[in-house]
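Colleague: Quick one: this structure, given as C-alpha cells, is what I'll be asking you about.
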Amino acid sequence: MNWARLPLPRRATGRGLWHGLAIRVMRHPVLVLVPVVALLLLMVLPFFQIRIANGDVGMLPPNAETRRGYDQLQTFPGQGQTFFSVVVHYASGGPLTSDRVGELYDLAQRIKRVPGVAGVESLVSYDGSLTRADYQTLLTQPASAQPARVQAIVHGTTGARIAVLSVVTKHGQESDAARSIVRSLRAITPPAGSSMLVAAFSIDFTDFILARIPLAVAYVMVVTYLVLFLLTGSVVLPLKAVIMNILSIGASFGALVWIFQQGHLSSLLNFTAAPLDPSVPVLLFCIVFGLSMDYEVLLISRIQEEYRRTRDTTQAVADGLERSGRLITGAAAIMVAVFLAFGLADVVLIKSIGLGLAIAVALDATLVRALIVPAVMRLLGRANWWAPRRLARLHRRISMDEPLAA
C-alpha cells in the first residue's frame, strides 16, 4: 500500500515544539507557574463582583426594533414600574367582612411604609380620600349596591377566600432595592386567621438556581475526580485536574463579568451592560468542565503511558505533551472558532455563552495544558502517581486504564 510513499524526512521523537516547550517549562517550573497562575487569578477578580438576574428586553442590541420601541415606551408616565403581588389567604370564609376589610386596610398602610414602595393597588387603597371606616362600609354592601368601579375592583382582586394587593415600586425587578422590599413584605405579620404569600417570580427563580449551583458544582467535581482516579490510579492527579479546571473556568467567568456586566466592550460588541443571566454560569461551568476534562484525559493518558514505560516523570511529561499537544491545540482552535461565531449573535445571552466558552477553551488549551500542567507535574515528581495502598489495590481491581503494550 505504501509503494508510492515519498521518502520525506521524519522528525525524530523528542525534538518537536511541544517537547521543547515542556522541557523549558520544567527547567524552571516555579518561574513559569507563579506568573501564569497570577495572571489567571487576576482574571478571576471581577468574578467576585458578579450579579445574576433574569434577562429582559435589554438583552437585545440597542438598535433592534423591539428594543427601540421598548425604550420609547419607557418615556411615558407609569412605565418602568415593578409589581409584586401580595396574596392573603383565609383558612375559612371570605375577605369581605367588616373586620377583614379593616385588617386589609391596615395591611395596605403597613406596606406603603416599606422603604422603596411607591404605592399599593388593591380594593382597600384605590381611593386615597376614603378612610378605613369608608372601605368597611362600602365593601360589605351587597354587590348590587356598589358602584360599577368598585364591583370591577372587587372582582379582579378577591376570590372565595383570598385577597390580592399589588405592591408598586420604581426599582428594577431584581435590583437590591427590590429584593429588600420583598424581604420586608415577607416579614410582615399577616391578618388574623390568614396566611400571606408574596409573589416575586423573577427573584425566586434566580435564587432557586443560585441555591442549587453549589450542589451541581460539587457533583460534577466529585464524579470527575472518581473517573480520573479510575483512569490514573492516583489521588493527586485528579485533584490537580479539578483545581486547574476551576482556575481556568474562574478566569473565563471573570472575563464575562468584565465584558458583559461591567460593559467594557459594550460599544464594540453592541450590547447594553447588565447582570448575567442565571443560565450562563450553570451552562458555562458544565460545558467547560467537560471539555477541559477531555483535554486532561488525552494529555494525562499519554503522559501515564510514557511514565509506565520509562518511570521518568520529566521525560513522560515532555513526550506526552509532544504526542498530544497538536491534537489538543487543533481541537481547541476549532472550538474557539465555532464559539466565537456565537459571539457575533445579537442576543446577549448567546453572545455571552459563546465568548465565555471561547475564552475558557483558549485559556485551558494554552496556559493551563501547555504551561501549568508541566510545571506542576515537574514540582510534584513521583507524588503525581501516589495513592494510599488500599486505594491502589482497589484501582488494580477496577481500573479503566489499558495494559502497557509490550
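Please treat every number below as a calculation from the coordinates, not as lab data. Keep in mind that this is a model prediction, so the values were computed, not measured. Because the Cβ atoms are built from the backbone with ideal geometry, glycine has one as well, and the counts that use them run over all protein chains shown.
Colleague: By per-residue mean of other Cβ atoms within 10 Å, what is the highest-first order of 332-341, 372-381? Don't skip to the answer; put the middle values down first.
Modeller: Working: 332-341: 14.8, 372-381: 21.3.
Result, highest mean first: 372-381, 332-341.
Colleague: Based on Cα positions only, what radius of gyration and what Dmax would you give for region 300-406, in angstroms?
Modeller: For region 300-406, the Cα-based Rg and Dmax read 18.2, 56 Å.
Colleague: Can I ask one more? If you take the Cα atoms of region 15-77, find Rg, then find the Kirkwood Rh from the mean of 1/r over all pairs, what is Rg/Rh? Provide the component values of the computation, followed by the final result.
Modeller: Details: Rg = 24.0 Å, Rh = 16.8 Å.
My calculation puts Rg/Rh at 1.43.
Colleague: For region 81-204, take the alpha-carbon Rg, divide it by the Kirkwood Rh, and send me Rg/Rh.
Modeller: Details: Rg = 14.3 Å, Rh = 14.8 Å.
Result: Rg/Rh = 0.97.
Colleague: By per-residue mean of other Cβ atoms within 10 Å, what is the highest-first order of 233-240, 62-69, 154-161?
Modeller: Details: 233-240: 19.9, 62-69: 11.9, 154-161: 14.0.
My ranking of the peptides, most packed first, is 233-240, 154-161, 62-69.
Colleague: Now a separate question. At 7 Å along Cα-to-Cβ for each site, give me the label-to-label distance between A91 and R212 in nm.
Modeller: 3.2
Colleague: Work out Dmax and Rg for the chain from the C-alpha atoms and quote the Rg first, both in angstrom.
Modeller: Looking at the chain, its Cα Rg and Dmax stand at 30.9, 105 Å.
Colleague: What is the dipole size for region 79-187, taken about its Cα centre, with +1 at each Lys and Arg Cβ and -1 at each Asp and Glu Cβ, in debye to the nearest 20?
Modeller: Numbers: 11 positive and 8 negative charges, 43 e Å.
Magnitude of the dipole: close to 200 debye.
Colleague: At 24 angstrom or more along the helix axis (alpha-carbon based) and mean Kyte-Doolittle of 1.6 or higher, what helices does the chain contain? Whole DSSP H runs only.
Modeller: Details: long enough: 201-232 (46 Å, 1.79); 236-256 (30 Å, 1.70); 279-310 (46 Å, 0.64); 313-342 (40 Å, 0.98).
Helices meeting the span and hydropathy rule in the chain are 201-232, 236-256.
Colleague: When we measure straight from the Cα of K351, which aspartates and glutamates land under 13 angstrom away, once same-chain ones fewer than 8 places off are left out?
Modeller: K351 reaches D277.
Colleague: Which order do the peptides 182-191, 121-130, 205-214 come out in when sorted by mean C-beta neighbours inside 10 angstrom, highest first?
Modeller: Details: 182-191: 14.7, 121-130: 16.4, 205-214: 13.1.
So the peptides 182-191, 121-130, 205-214, ranked by packing, come out 121-130, 182-191, 205-214.
Colleague: Another question, then. Compute the normalised compactness of region 335-398: alpha-carbon radius of gyration over 2.2 N^0.38 Å, N being the residue count.
Modeller: Here the Cα radius of gyration is 1.79 times the empirical estimate.
Colleague: Pop a pseudo-label 7 angstrom from the Cα along the beta-carbon direction at both D176 and D56 and give the gap in nm to one decimal.
Modeller: 1.9
Colleague: Here's something else I'd like to know. When only alpha-carbon atoms count, how far does region 156-235 stretch along each of its three principal axes, as whole angstroms with the largest first?
Modeller: Projected onto its principal axes, the Cα set of region 156-235 covers 65, 30, 23 Å.
Colleague: Return the distance in nm (one decimal) between the two label points of a simple spin-label model at L391 and Q262, each offset 7 Å from Cα along Cα→Cβ.
Modeller: Computed distance between label sites L391 and Q262 equals 3.8 nm.
Colleague: Something else about it: I'd like the distance between the alpha-carbon centres of region 354-368 and region 13-91, rounded to an integer number of Å.
Modeller: Here the answer is 14 Å between Cα centres.
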